[in-house]
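The values are calculated or read from the model by the stated rules, or taken from the named source; none is laboratory data. The structure displayed is predicted, hence computed values, not measured ones. Because the Cβ atoms are built from the backbone with ideal geometry, glycine has one as well, and the counts that use them run over all protein chains shown. Keep in mind that these areas ignore ligands, DNA and RNA; they rest on the heavy atoms of the full protein, side chains included. Shrake-Rupley method; radii C 1.70, N 1.55, O 1.52, S 1.80 Å.
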Amino acid sequence: MARRLFDIIASMVALLLLGPLILLAAIGVRLSSRGPAFYCPSRAGQKGQAFTLFKLRTMHLNHGANVSVVTGAGDSRVFAFGSILRKLKIDELPQLWNILRGDMSIVGPRPEDLKIVAQHYDEIGMSTLAVRPGLAGVSSIYNYTHGEKMLTGPDPEQIYARDLLPIKLALEAVYLPQASVTYDLRLIMRTVSAIVRSASGQQEFPDPPEMAAARELLETSTRTSTDRRVA
């Protein structure tokens, strides 16, 4: 109840303060690329229930042959103004409305595409669906500082599923048992710090402090899966 109250108050205040910025960004999207200002895909929420997520559109509507649900590094579908919005994470701000509605929390695992959940979530991944997804979180920070640079080549979706997604899910699985208001506030500050440092030109970031425990969790999960197959 305390977390939900925090989400409501924080999202209301943020919407009031950042509403003009969202409006200006929406106008910029309309001027930069033909089509609607907002992109509203379905995402997996708590217990895997689908919900409509709100984002500012950063890609052209005509994707050609590229139908990947994963945005690769230097993805040609992203228009110039959209790239700026993604860099500063302004495109994510409409999700404050999702938080106010109860679809999401301020902090939590990132809401994943339904296709990715159906095809690639293992036991660790399913455990992250026990709570509301979040706007900020440990995996979001890692994806921003490390993950996006990994998604190169002709098939970023394959790289994402094989190399990045397991780490993101393990990071969230490490966070969840320790979740608290204090921890969440630290993650919010870490998110803001990462965005500011990236905008200031920093390109290399250290691994998050949760990484050692996340890798250990992945190794344990791999050994357990191997043992089950052998048995």
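Data table
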{"quantity": "Paramagnetic reach from ALA199 in region 91-119 [backbone N under 12 Å; point 7 Å along Cα→Cβ]", "calculated": "91"}
{"quantity": "Under 24 Å from LYS149, Cα to Cα: lysines that are on another chain or at least 8 residues apart", "calculated": "LYS55, LYS87, LYS89, LYS115, LYS168"}
{"quantity": "Solvent-accessible area, 1.4 Å probe, carbon plus sulfur percent, for the chain", "calculated": "61"}
{"quantity": "Sparse-neighbour loop sites [GluC sites (Glu not before Pro); region 157-231; at most 14 other C-beta within 10 Å; DSSP]", "calculated": "GLU204"}
{"quantity": "Karplus-derived 3J(HN,Hα), 6.51/-1.76/1.60, for each residue of region 124-134, Hz, glycine and proline x", "calculated": "5, x, 4, 5, 6, 7, 6, 10, 5, x, x"}
{"quantity": "Separation in nanometres of the label points that stand 7 Å from Cα toward Cβ, at ILE9 and PHE38", "calculated": "2.6"}
{"quantity": "Mean-position separation - Cα centroids, region 87-118 and region 158-189, in angstrom", "calculated": "14"}
{"quantity": "Relative contact order of the chain, pairs being alpha-carbon contacts under 8 Å that are 6 or more residues apart, as %", "calculated": "19"}
{"quantity": "Dipole of the chain, positive direction: furthest Cα of PRO109, LEU187, ASN98, with charges on the beta-carbon", "calculated": "ASN98"}
{"quantity": "Kyte-Doolittle mean at least -1.0 and Cα axial length at least 30 Å: DSSP H helices in the chain", "calculated": "2-32"}
